[in-house]
Amino acid sequence: MARFDKLAVLQKIGSTGMVPVFYHKDIEVAKQVVKACYEGGVRAFEFTNRGDFAHEIFGQLVKWAALECPDLALGIGSVVDAPTAALYIQLGACFVVGPLFNPDIAVVCNRRLVPYCPGCGTVSEIGKAQEVGCDLTKLFPGDVYGPNMVKGLMAPCPWSKIMVTGGVSPDPENLEKWFKAGVYCVGMGSKLFPAERVKAEDWAYVTEKCRECLEVIAALRR
């Protein structure tokens, strides 16, 4: 069961404006990355369903995070079908993210009041997702569409909450483009966790980079 309800999760995502996206087959590495992000101010983290037995790693991570990162909403990403969503919700996922929009996932998530953030590529697709209860939708891949897509959408649909993932980097110039366009939050993966830093176990770098990003986002919103 999710530790935080839908409203609390959306508030955590919205208040920080950033959701780290990460997967690793080694549970100890995953723990260190989550902890580093948490210490940097992150309060919503997306672990992706991208490897064999990823659900087993996630189950362990949820139990660990409940003790070590008590205010963290830990969600699952790369979910494309309803059965997978149900599995992760049973393991404690606080939110579900996907690279595509599958209405069947919305039904499963709505039943448990768990936010479902589907990947969308058109204004119509975002509208359809909103109709079935997706308060937050993901523009994916972000680098294909660009900030102008968000800006164009927000003019006629200002109620929309958009998370952009793909093509987002932690540098201030990139973040400024997205937040000025009107995104609710950004998702960041490899550019927030360079492979060489993870391999070197440079967790201080991850913590500092998260802190810097959150400071930039807070300043852009003022």
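Between 183, 164, which is under 21 Å from residue 146 (Cα atoms), part of a loop (DSSP other than H, G, I, E, B), at pLDDT 95 or above and touching a Pro at 6+ places or on another chain (Cβ under 9 Å)?
183
Whether any residue in segment 108-121 is in contact (Cβ under 8 Å) with a residue 40 or more places away in the chain, surrounded by 15 or more Cβ atoms within 10 Å (Cβ to Cβ) and more than 21 Å from residue 75 (Cα to Cα) is what I want to check.
Checked against the condition, which is being in contact (Cβ under 8 Å) with a residue 40 or more places away in the chain, surrounded by 15 or more Cβ atoms within 10 Å (Cβ to Cβ) and more than 21 Å from residue 75 (Cα to Cα), segment 108-121 yields no hits at all.
Between residues in segment 49-71 that are at pLDDT below 95 and residues that are part of a helix (DSSP H, G or I) and hydrophobic (A, V, I, L, M, F, W, C), which pairs lie under 9 Å by C-beta distance while being six or more apart or on different chains?
Note: pairs meeting the criteria are 51/57.
Scan segment 195-222 for residues that are open to solvent by 70 Å² or more (accessible area, probe 1.4 Å) and not in a loop (DSSP other than H, G, I, E, B) and report the count.
Qualifying residue count, segment 195-222: 10.
Under 7 Å by Cβ, and 6 or more places apart or on different chains, what pairs join a residue from segment 184-213 that is at negative phi and touching a residue at least 12 places away in the same chain (Cβ under 8 Å) with one that is open to solvent by 40 Å² or more (accessible area, probe 1.4 Å) and part of a strand (DSSP E or B)?
184/161
When you check residue 145 against the structure, is it open to solvent by 50 Å² or more (accessible area, probe 1.4 Å), touching a helix residue (DSSP H, G or I) at 6+ places or on another chain (Cβ under 9 Å) and either touching a residue at least 24 places away in the same chain (Cβ under 8 Å) or of a type outside the set (D, E, K, R) (or both), yes or no? Reasoning before the result, please.
Numbers: open to solvent by 50 Å² or more (accessible area, probe 1.4 Å): yes; touching a helix residue (DSSP H, G or I) at 6+ places or on another chain (Cβ under 9 Å): no; either touching a residue at least 24 places away in the same chain (Cβ under 8 Å) or of a type outside the set (D, E, K, R) (or both): yes.
No, not satisfied.
If you go through segment 36-45 one residue at a time, do you hit one that is touching a Cys at 6+ places or on another chain (Cβ under 8 Å), more than 26 Å from residue 162 (Cβ to Cβ) and surrounded by 20 or more Cβ atoms within 10 Å (Cβ to Cβ)?
Looking through segment 36-45, at least one residue is touching a Cys at 6+ places or on another chain (Cβ under 8 Å), more than 26 Å from residue 162 (Cβ to Cβ) and surrounded by 20 or more Cβ atoms within 10 Å (Cβ to Cβ).
Looking for something free of Cβ contacts under 8 Å to residues at least 40 places away in the same chain, of a type outside the set (D, E, K, R), out of contact with any Asp or Glu (no Cβ under 8 Å at 6 or more places or on another chain) and over 30 Å from residue 172 (Cβ atoms) - is there at least one such residue anywhere in segment 29-48?
No - not one qualifying residue is present in segment 29-48.
The values are calculated or read from the model by the stated rules, or taken from the named source; none is laboratory data. Everything numeric in this text was worked out from a predicted model, so none of it was measured. Every residue, glycine among them, receives a Cβ derived from its backbone with ideal geometry; neighbour counts consider all protein chains shown. Note: areas computed on protein heavy atoms with side chains; ligands, DNA, RNA excluded. Shrake-Rupley method; radii C 1.70, N 1.55, O 1.52, S 1.80 Å.
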